[in-house]
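Student: Let me give you the structure first, and then I'll get to my questions.
The values are calculated or read from the model by the stated rules, or taken from the named source; none is laboratory data. Just so it is clear, the model here is predicted, and its values are computed rather than measured. Please note: Cβ atoms are built from the backbone with ideal geometry, for glycine as well, and neighbour counts cover all protein chains shown.
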Amino acid sequence: MRETPLSAEQIELEDVYQAIELYHERGWTDGLPVVPPTEKLVRAFLDAAGLTPNDVLGEIPERDRVLRAELLAINAVMAGCRPEYMPVLVAATEAITDPAFKFNHMASLGSPWPVFVVNGPLARALGFNSGLYLFGPTTRANATCGRAMSLLLWNCAEARPGGIQRGQWGNPFRAVGFIAEDESTAWDPLHVTLGHGREATTVTAVSAYPGLQQLHCARSSPEGLLDTVVDAISTDEFFRGTYLLFVSPQHAEVFIQHGWTKRHVRDYLWARCRRSVADLKRRGTWGVMADKPEGFADFSREVQPGDEERIVSLFEPNEYDRFMQAPGALERSADIYVIVGGGNAGIRMAYIVPYGVSSDAVTRAVRTTATAA
């Protein structure tokens with residue numbers, strides 16, 4: 001059977017170094033050298049996922065873009081990936097082009113970018129890091145898959161400075177935000193808690209603000225450990241969305257020994273992450289994200305009598321949502337995904353603040369027909 005021709009421009013150059021320089025000159029790279037995407041390499045990536053060049057992986061209607069398999073393969077080659085990573089990258093592309101993810105939010109001044117969590121057998125088989133130095137750089141799989149997604153959106157959806165990217169500080173997760181979960185504990189891994197089979201491999205994309213927040217957690221009871229997390233999350237950005245909470249294996253063992261599941265951890269935090277109206281006013285976040293709601297006379301940003309007793313929940317819908325949440329934000333999901341990782345290096349937990357204004361977390365399964373190669 002005749003192969004479907006590639007549609008990308010093909011340029012003949014003298015050597016690999018000339019090719020690398022050309023990519024820099026044309027703005028096709030992120031400042032680092034690339035692997036020249038020869039036709040042979042691009043086809044190897046397509047074959048690894050059982051795809052043809054024209055197969056559509058997702059659409060970005062906000063940018064009037066269609067992401068085809070050939071485009072992903074080219075950028076995966078450039079990033080330094082191996083062909084066997086391609087099925088995982090396909091699932092990641094499907095996740096961020098899902099309408100629930102709402103791609104265009106990545107133009108926000110807050111510099112959001114997706115963190116990708118890989119679960120299941122392929123995460124281990126392909127060597128994704130779930131242990132020490134989790135947000136690396138560490139393994140080739142973590143580093144190059146993160147870069148592949150960055151280059152794909154850089155080159156094919158204008159997600160770059162000078163394009164749609166308007167973030168003030170940028171986001172390090174763009175380089176190091178492709179990770180795996182440690183599935184060696186008695187806890188169900190993330191994909192199982194989300195309803196997928198244990199033998200499935202999935203990619204979960206969660207849009208996040210820049211930075212990993214570390215917490216020194218030296219306590220020895222589940223409640224003590226989580227009270228530290230409650231205090232930190234409640235005094236952070238106070239944006240509703242899907243938070244990622246990272247628990248080390250030794251902390252996970254504390255919870256497990258006390259009979260706590262991930263659901264217990266999630267529910268404990270869900271019920272206790274809250275602040276008084278007075279606290280929110282003093283911090284300057286009261287009403288910042290909301291339009292002037294009905295009843296604007298009660299919207300004063302100065303601390304009023306009774307504000308210390310008026311309590312706002314971060315996760316649970318409440319009477320103050322109209323003062324705290326941006327228009328449309330209440331239509332989005334809120335949750336806490338508990339993820340084991342980070343190895344046995346210390347007594348810290350960590351969390352990531354989500355961009356919850358207009359984006360939901362999305363999980364997509366790696367298609368089994370794409371793993372045969």
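Student: Considering each residue of segment 155-177, count those that are part of a helix (DSSP H, G or I) and either among the basic types (K, R) or under 17 Å from F116 (Cα atoms) (or both), and give that number.
Tutor: Of the residues in segment 155-177, 4 are part of a helix (DSSP H, G or I) and either among the basic types (K, R) or under 17 Å from F116 (Cα atoms) (or both).
Student: Restricting to segment 76-103, name every residue that is at pLDDT below 95 and farther than 15 Å from V66 by Cβ.
Tutor: Passing the criteria: A100, F101, K102.
Student: Report those helices (runs of 4 or more DSSP H) wholly inside segment 1-101 carrying at least 2 residues which are assigned by TED's automatic domain parsing to the domain that holds R160 and in contact with a Gly (Cβ under 8 Å, 6 or more places away or on another chain).
Tutor: 86-96
Student: Please identify the pairs in which a residue from segment 20-40 that is within 15 Å of G162 (Cβ to Cβ) has its Cβ atom under 7 Å from the Cβ atom of a residue that is small (G, A, S) and not in a loop (DSSP other than H, G, I, E, B), counting only partners at least 6 apart or on another chain.
Tutor: That search, which allows pairs on different chains as well, returns D30/S150.
Student: Same structure again: Might you check whether a residue that is under 21 Å from the mean Cα position of the chain (by Cα), closer than 23 Å to G131 by Cβ and in a strand (DSSP E or B) occurs anywhere in segment 214-225?
Tutor: Within segment 214-225, one or more residues are under 21 Å from the mean Cα position of the chain (by Cα), closer than 23 Å to G131 by Cβ and in a strand (DSSP E or B).
Student: Taking the options V176, V192, V206, name whichever one is within 13 Å of the chain's Cα centre (by Cα) and farther than 16 Å from S130 by Cα.
Tutor: Going through V176, V192, V206 in turn, just one is within 13 Å of the chain's Cα centre (by Cα) and farther than 16 Å from S130 by Cα: V206.
Student: Now for a different question. Could you tell me which of the residues A232, A297, A278 is at pLDDT below 90, assigned to a helix (DSSP H, G or I) and not assigned by TED's automatic domain parsing to the domain that holds A186?
Tutor: Answer to the check: A297.
Student: Residues of segment 198-238 being more than 17 Å from V115 (Cα to Cα) and among the hydrophobic types (A, V, I, L, M, F, W, C), which ones?
Tutor: Result: A200, L215, C217, A218, L225, L226, V229, V230, A232, I233, F238.
Student: While we're on this one: Whether any residue in segment 57-70 is more than 16 Å from R82 (Cα to Cα) and exposed (fewer than 14 other Cβ atoms within 10 Å of the Cβ) is what I want to check.
Tutor: yes
Student: So which of Y17, Y85, Y23 ends up being within 30 Å of Y243 (Cα to Cα) and among the hydroxyl-bearing types (S, T, Y)?
Tutor: One residue alone meets the criteria, Y85.
Student: Of the residues in segment 300-315, how many are at pLDDT 90 or above, within 25 Å of Y355 (Cβ to Cβ) and assigned to a loop (DSSP other than H, G, I, E, B)?
Tutor: Qualifying residue count for the region: 2.
Listed here are the residues, each with its yes/no results for (1) acidic (D, E); (2) closer than 30 Å to S7 by Cα; (3) assigned by TED's automatic domain parsing to the domain that holds K102; (4) surrounded by 18 or more Cβ atoms within 10 Å (Cβ to Cβ).
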{"position": "L153", "(1), (2), (3), (4)": "no, yes, yes, yes"}
{"position": "R160", "(1), (2), (3), (4)": "no, yes, yes, no"}
{"position": "G170", "(1), (2), (3), (4)": "no, no, yes, no"}
{"position": "R174", "(1), (2), (3), (4)": "no, yes, yes, yes"}
{"position": "E181", "(1), (2), (3), (4)": "yes, no, yes, yes"}
{"position": "T201", "(1), (2), (3), (4)": "no, no, yes, yes"}
{"position": "S220", "(1), (2), (3), (4)": "no, no, no, no"}
{"position": "G224", "(1), (2), (3), (4)": "no, no, no, no"}
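Student: Could you please find all residues in segment 178-195 being closer than 18 Å to G343 by Cβ and either assigned to a helix (DSSP H, G or I) or among the acidic types (D, E) (or both)?
Tutor: Of everything in segment 178-195, those that are closer than 18 Å to G343 by Cβ and either assigned to a helix (DSSP H, G or I) or among the acidic types (D, E) (or both) turn out to be E181, D182, E183, L190.
Student: Here are D47, D64, D55: which of them is over 19 Å from L153 (Cβ atoms), within 28 Å of the chain's Cα centre (by Cα) and not small (G, A, S)?
Tutor: One residue alone meets the criteria, D47.
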